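The values are calculated or read from the model by the stated rules, or taken from the named source; none is laboratory data. All values reported here derive from a predicted model rather than from experimental measurement. Here Cβ is always computed from backbone atoms with ideal geometry, including for glycine, and neighbour counts include all displayed protein chains.
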Amino acid sequence: MNPSSYQMISFLLSYPSKELKEMLPEIKEEIEGIGKDEVNDKLLSFIKEIEDRTLDEWITHYIEHFDFGKLTNLYVTYLKLGEQRERGLELLKLKKYYEAHGFDVTDKELPDYLPLMLEFCAHVSVETSNELLQMHGKAIAEIHGKLKEQDSFYSLLFDALFLAGGESIKSFPSA
């Protein structure tokens with residue numbers, strides 16, 4: 001797994017902005033420079049989808065799926081635990097996991113936020129990233145499946161994640 005793939009997927013899962021839209025040509029160039037494989041094809045397909053939309057359309061799509069979508073939000077413990085007390089314990093465990101591996105987590109984002117998890121995966125050993133993704137693989141697969149059902153172009157980023165994750169993530173029940 002190329003750690004930059006995790007970084008790229010994390011970045012592309014960011015909230016849409018004018019700056020991000022303006023960076024798409026550079027991002028596309030960088031992906032093309034990495035080489036041609038299935039992961040990069042999925043990332044480039046995602047970028048093409050974004051390029052074909054206005055910023056407002058992109059933002060609306062993002063909000064519908066990640067801000068208002070209970071089954072497709074990017075907080076991987078939310079699906080299983082919702083707002084239950086147990087979720088707080090899971091979040092604390094995740095924060096401690098990050099800290100144990102030298103990764104500082106700010107209070108700006110919850111530790112189960114998928115882009116944050118992928119950022120972590122880009123900076124640790126393959127074994128550590130595989131372990132984290134396996135721990136939350138079922139939830140990630142469920143989000144992926146719901147995005148596919150809803151015909152969201154964000155499913156392309158999850159396709160790339162599953163392809164990039166190697167054996168650890170391939171053991172998830174892909175939807």
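Taking the conditions (1) of a type outside the set (Lys, Arg); (2) surrounded by 19 or more Cβ atoms within 10 Å (Cβ to Cβ); (3) modelled with pLDDT under 90 in turn, residue 106 satisfies each one other than (2).
Looking at (1) closer than 27 Å to residue 149 by Cβ; (2) hydroxyl-bearing (Ser, Thr, Tyr); (3) surrounded by fewer than 16 Cβ atoms within 10 Å (Cβ to Cβ); (4) in contact (Cβ under 8 Å) with a residue 40 or more places away in the chain, which is the one condition that is false for residue 4? Evaluating residue 4 over (1) closer than 27 Å to residue 149 by Cβ; (2) hydroxyl-bearing (Ser, Thr, Tyr); (3) surrounded by fewer than 16 Cβ atoms within 10 Å (Cβ to Cβ); (4) in contact (Cβ under 8 Å) with a residue 40 or more places away in the chain leaves (1) as the failure. Filter segment 45-55 down to residues that are of a type outside the set (A, V, I, L, M, F, W, C) and over 19 Å from residue 150 (Cα atoms) and give me whichever is surrounded by the fewest Cβ atoms within 10 Å (Cβ to Cβ). Restricting to residues being of a type outside the set (A, V, I, L, M, F, W, C) and over 19 Å from residue 150 (Cα atoms), the top hit is 54.
Remark: residue 64 falls outside the filter, which requires a residue to be surrounded by 12 or more Cβ atoms within 10 Å (Cβ to Cβ), modelled with pLDDT under 90 and not in a loop (DSSP other than H, G, I, E, B). For residue 31, the criteria (1) in contact with a helix residue (DSSP H, G or I) (Cβ under 8 Å, 6 or more places away or on another chain); (2) more than 21 Å from residue 152 (Cα to Cα); (3) surrounded by fewer than 18 Cβ atoms within 10 Å (Cβ to Cβ) hold in every case but one, which is (3). Answer with yes or no whether residue 146 is out of contact with any Cys (no Cβ under 6 Å at 6 or more places or on another chain), modelled with pLDDT of 90 or more and of a type in the set (Lys, Arg). Spelling it out, residue 146 is indeed out of contact with any Cys (no Cβ under 6 Å at 6 or more places or on another chain), modelled with pLDDT of 90 or more and of a type in the set (Lys, Arg). Being modelled with pLDDT of 95 or more, among the basic types (Lys, Arg) and under 25 Å from residue 129 (Cβ atoms) is the filter here, so list the residues in segment 1-54 that pass it. If the condition is that a residue be modelled with pLDDT of 95 or more, among the basic types (Lys, Arg) and under 25 Å from residue 129 (Cβ atoms), then 42 is the only one that fits.
The sole residue among 36, 48, 70 that is of a type in the set (Lys, Arg), without any contact (Cβ under 8 Å) to a residue 24 or more places away in the chain, part of a helix (DSSP H, G or I) and more than 18 Å from residue 6 (Cβ to Cβ) is 48. Counting only helices (runs of 4 or more DSSP H) that sit completely within segment 85-162, those holding 1 or more residues that are under 27 Å from residue 49 (Cα atoms) and hydrophobic (A, V, I, L, M, F, W, C) correspond to 114-122, 126-135, 137-149.
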